[in-house]
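In what follows, a single structure is set out as structure tokens and then discussed.
The values are calculated or read from the model by the stated rules, or taken from the named source; none is laboratory data. Quantities reported herein were computed from a predicted structural model and do not represent experimental measurements. Glycine gets a Cβ as well: all are built from the backbone with ideal geometry, and neighbour counts include every protein chain shown.
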């Protein structure tokens, strides 16, 4: 912050200097005072979410789930008497647009935190301004990579089990089910390849004699006829899909058409309502991991979500993505509730670092620390039964990756 050490003379020039100092102080101090970013009656937070463009199918339901939670929370009195004002802006999944939105949220809207935003590349583009320059925390971002948390970045906290750990979880699951020969079918972009590579080390940690092969598929492939032929020729006990939801659906449909009956597993992006809608009965029996419980569960915490969605976001999809948005909003509220005094950016960051057991009910218990900014490595196993995703067992933590 700026501290005046000399008395400014009341001249036009001095007045201009004082105004400049005030503006600069407000810009960088922003969220470190009780008056900036809110008041005693509000907690102002924001997010960038793709509400239009190719990934809007992810952003719209995620936003709806968080909106439902915050509306319910405010109707119940907010957080320690403070209402939550969550400002969401459409970034259309564009990094440059995200940077502009970040400047608006911090500079104009005076948010004390970015909460439940969406996108890995988009968030990374904002880090220099939001995390480093403005010292505003980014919390519960959808997306991310190991590099975000090893070592932990100041002000950045995550609640999403990394894709690498998701792959580890399905690898262990397949081996625990008795698979001795696993084939990983994955798209060719580097991000998919990296995730697919995590299967073999963990599979062999569970059973050193297991065989693991990989089959690379061109990204956005729609004709899986030759792919299934190669899978059949390899004769695996189990297949693990590291694909997008549409690609996985295309794989499942062709597998059924060709009579392929191997057990099939997948990571969280495949565990979506869209996979069932596209694959139809070919998805029956598909096993996958998710970040939250199945939205169809009878669990009271999930029922609360469904009830709130019907009341506050009627007509919106109450599936996995909405439940994930709900969970992230709930984690934020539970942690901020522990703050005594002004809810500032610095206070929120400190509260996250002290949050050692946050239980949102619909997702794993989150445990943070000064040197651990990723809340969980656990997943929920889910299976398609009678055309619906259902939870299988409790939350599961895969073996550690070396």
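Listed values, structure above:
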quantity: Selected residue [over 19 Å from the mean Cα position of the chain (by Cα), surrounded by fewer than 18 Cβ atoms within 10 Å (Cβ to Cβ) and at negative phi] from 345, 392; calculated: 392
quantity: Any chance residue 93 is at positive phi, surrounded by 21 or more Cβ atoms within 10 Å (Cβ to Cβ) and either not in a helix (DSSP H, G or I) or not assigned by TED's automatic domain parsing to the domain that holds residue 330 (or both); calculated: yes
quantity: Residue satisfying all of: in segment 289-303; touching a residue at least 40 places away in the same chain (Cβ under 8 Å) and surrounded by fewer than 21 Cβ atoms within 10 Å (Cβ to Cβ); nearest to residue 73 (Cα to Cα) among these; calculated: 301
quantity: Residues satisfying the stated conditions in segment 352-389, i.e. surrounded by fewer than 20 Cβ atoms within 10 Å (Cβ to Cβ) and either free of Cβ contacts under 8 Å to residues at least 24 places away in the same chain or farther than 26 Å from residue 245 by Cβ (or both); calculated: 353, 354, 355, 356, 357, 359, 365, 367, 369, 370, 371, 372
quantity: Test: residue in segment 37-52 that is under 17 Å from the mean Cα position of the chain (by Cα), modelled with pLDDT under 95 and surrounded by fewer than 19 Cβ atoms within 10 Å (Cβ to Cβ); calculated: no
quantity: Cross-chain or 6+ apart pairs with Cβ under 8 Å, segment 112-133 first and not assigned by TED's automatic domain parsing to the domain that holds residue 325, then crowded, with 24+ Cβ neighbours inside 10 Å and not in a helix (DSSP H, G or I); calculated: none
quantity: Residue among 200, 247, 211 that is on the phi < 0 side of the Ramachandran plot, in contact (Cβ under 8 Å) with a residue 24 or more places away in the chain and in contact with a helix residue (DSSP H, G or I) (Cβ under 8 Å, 6 or more places away or on another chain); calculated: 200
quantity: Residues within segment 294-323 that are in contact with a helix residue (DSSP H, G or I) (Cβ under 6 Å, 6 or more places away or on another chain) and in a helix (DSSP H, G or I), tallied; calculated: 7
quantity: Single match in 215, 241, 278, 252 (criterion: in contact with a strand residue (DSSP E or B) (Cβ under 8 Å, 6 or more places away or on another chain) and either assigned to a helix (DSSP H, G or I) or at pLDDT below 95 (or both)); calculated: 252
quantity: Within segment 258-275, tally of residues that are outside any loop (DSSP other than H, G, I, E, B) and in contact with a strand residue (DSSP E or B) (Cβ under 6 Å, 6 or more places away or on another chain); calculated: 6
